[in-house]
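Read through the structure below, which is laid out as structure tokens, and then see the notes.
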Amino acid sequence: MKEFLRVTGIVRIFIFLYRAKIALKQMYQSNGLLTKWLFSSNETTNFTYHLYSVNQKHLINFIANISKQPYSAIEGYISEILNDKDLASHLLEMAKKGKDWYKTDRKVRFGRRIGWYAFIRATKPKVVIETGVDKGLGSCVIASALLRNRAEGFDGHYYGTDIDPRAGYLLAGKYAQAGKILYGDSIESLKKLDEKIDLFINDSDHSVVYEAQEYETVASKLSPSSIILGDNSHCSDSLLNFAHKTGRKFEFFKEVPDNHWYSGAGIGCAYFDK
Ligand SMILES: C[S@@+](CC[C@H](N)C(=O)[O-])C[C@H]1O[C@@H](n2cnc3c(N)ncnc32)[C@H](O)[C@@H]1O
């Protein structure tokens, strides 16, 4: 019995040391990314990064399944935005001279927004809404997709909403031709909107209740083939509940940032599966 307890004790110490090695390795990796970010980035919120390469393929597959388009077509749209030199130079120029230059990185990184782009290119919406604009990175991504659609003969218009009157300064130059920002409380702006919405992106007040209210506000304005994307779906079930209540399907893509300490958000998607 004594021998048994002694051996068990030694085994437990070995297991603990083995687990401590795993924990220390993990802490070292996370701290490394945090330290690198602390000294190399200016960003304070709404962090930017690229997607981990495998995660990007999962995003392409996610959009291909929902839009019922070939994987290769969606891959082409993703490659289009990642290689868009006009958009990159516009964003770099604005990062230099924009009023938020001191909390902006001079790097072009879209994260999950490349998925918003591909949805717009794949489904050619006439009206796209993005609630919550911040600097306007998403606005430019959306505007760039709409301008490409227009060049191919598919008209489309962008509305952003933001409560902050300083939001959206990146939506300038040719990108401003794609639409405009409605300033004020998002729900109030949405109530006044008198157009059918084809693509709705929720990214404003991230409280679960406010998010749900946005979906309720636009419910009667959504076109039959509308797609609703939730930027809060990694931590909220508002879009999932809205999908169930309205007979839509719901899918979720979890974003995995490459080389960044932030664990990532995602794209929730509610849609009618026809
Ligand atoms: C996460 S940021 C949006 C990020 C942006 N979509 C992008 O792609 O970078 C959230 C924004 O929502 C705005 N916001 C917060 N509450 C709001 C409300 N009640 N109505 C409208 N905008 C709101 C904030 O001012 C902020 O700019």
Fill in: Matching residues, segment 243-273, being part of a strand (DSSP E or B) and of a type outside the set (Lys, Arg)
Phe250, Glu251, Phe252, Phe253, Pro257, Gly266, Ile267, Gly268, Cys269, Ala270, Tyr271
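Can you go through Val11, Val54, Val108 and tell me which one is more than 21 Å from Leu137 (Cα to Cα) and modelled with pLDDT of 95 or more?
Testing whether each residue is more than 21 Å from Leu137 (Cα to Cα) and modelled with pLDDT of 95 or more leaves just Val54.
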Worksheet item: Would you say Val133 is within 16 Å of the ligand (Cβ to nearest atom) and surrounded by 15 or more Cβ atoms within 10 Å (Cβ to Cβ)?
Response: yes
Practice prompt. Go over the candidates Leu170, Leu199 one by one and state the one that is among the hydrophobic types (A, V, I, L, M, F, W, C), part of a loop (DSSP other than H, G, I, E, B) and open to solvent by less than 40 Å² (accessible area, probe 1.4 Å).
Written response: Leu170
Worksheet item: If you check Ser204 against the conditions, is it buried (at least 21 other Cβ atoms within 10 Å of the Cβ), at negative phi and near the ligand (Cβ under 9 Å from one of its atoms)?
Response: yes
Practice prompt. Just one of (1) within 16 Å of the ligand (Cβ to nearest atom); (2) open to solvent by 50 Å² or more (accessible area, probe 1.4 Å); (3) closer than 29 Å to Lys274 by Cβ; (4) not aromatic (Phe, Trp, Tyr) trips up Asp194, so point out which.
Written response: (1)
Practice prompt. Return the residue satisfying two criteria in turn: it lies in segment 56-84 and is acidic (Asp, Glu) and more than 18 Å from Val256 (Cα to Cα), and of such residues it is surrounded by the most Cβ atoms within 10 Å (Cβ to Cβ).
Written response: Asp84
Item to complete: Show the residue pairs that are 6+ apart or on different chains and have beta-carbon atoms under 7 Å apart, the first residue being within segment 225-240 and among the hydrophobic types (A, V, I, L, M, F, W, C), the second being in a helix (DSSP H, G or I) and within 13 Å of the ligand (Cβ to nearest atom).
Response: Leu229/Trp116
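From the list Ser236, Ser189, which one is surrounded by 19 or more Cβ atoms within 10 Å (Cβ to Cβ) and part of a loop (DSSP other than H, G, I, E, B)?
Just a single option satisfies the conditions, and that option is Ser236.
To keep it simple, each residue is scored yes or no on (1) in contact with a Gly (Cβ under 7 Å, 6 or more places away or on another chain); (2) within 16 Å of the ligand (Cβ to nearest atom); (3) open to solvent by 40 Å² or more (accessible area, probe 1.4 Å).
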site: Leu91; (1), (2), (3): no, yes, no
site: Lys97; (1), (2), (3): no, no, yes
site: Asp100; (1), (2), (3): no, yes, no
site: Gly111; (1), (2), (3): no, yes, no
site: Ala118; (1), (2), (3): no, yes, no
site: Thr123; (1), (2), (3): no, no, yes
site: Leu147; (1), (2), (3): no, no, no
site: Tyr158; (1), (2), (3): yes, yes, no
Discussion item. For segment 158-177, check the following and say yes or no: at least one residue is within 20 Å of Arg148 (Cα to Cα) and either among the basic types (Lys, Arg) or without any contact (Cβ under 8 Å) to a residue 24 or more places away in the chain (or both).
Written reply: yes
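Residue-by-condition table, conditions (1) touching a residue at least 40 places away in the same chain (Cβ under 8 Å); (2) touching a strand residue (DSSP E or B) at 6+ places or on another chain (Cβ under 6 Å); (3) more than 21 Å from Tyr117 (Cβ to Cβ); (4) not charged (D, E, K, R):
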site: Ser41; (1), (2), (3), (4): yes, no, yes, yes
site: Leu51; (1), (2), (3), (4): yes, no, no, yes
site: Gln69; (1), (2), (3), (4): yes, no, no, yes
site: Ile74; (1), (2), (3), (4): yes, no, no, yes
site: Glu80; (1), (2), (3), (4): yes, no, no, no
Worksheet item: Which residue pairs have Cβ atoms closer than 6 Å, lie 6 or more positions apart in sequence or on different chains, and pair a first residue in segment 248-265 that is surrounded by fewer than 17 Cβ atoms within 10 Å (Cβ to Cβ) with a second residue that is part of a loop (DSSP other than H, G, I, E, B) and at pLDDT 95 or above?
Response: Phe252/Ser233; Asp258/His50; Asp258/Tyr52; Tyr262/Phe47
Worksheet item: Before we move on, is Tyr183 out of contact with any strand residue (DSSP E or B) (no Cβ under 7 Å at 6 or more places or on another chain), within 13 Å of the ligand (Cβ to nearest atom) and among the aromatic types (Phe, Trp, Tyr)?
Response: no
Worksheet item: Just a yes or no: is a residue in segment 211-228 surrounded by fewer than 23 Cβ atoms within 10 Å (Cβ to Cβ) and within 9 Å of the ligand (Cβ to nearest atom)?
Response: no
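The values are calculated or read from the model by the stated rules, or taken from the named source; none is laboratory data. Note that the structure is a prediction, hence the values are computed from the model and not measured. So basically every Cβ, Gly included, is an ideal-geometry build from the backbone, and we count neighbours across all protein chains shown. These area figures cover heavy atoms from the full protein model, side chains too; ligands, DNA and RNA do not enter into them. Shrake-Rupley method; radii C 1.70, N 1.55, O 1.52, S 1.80 Å.
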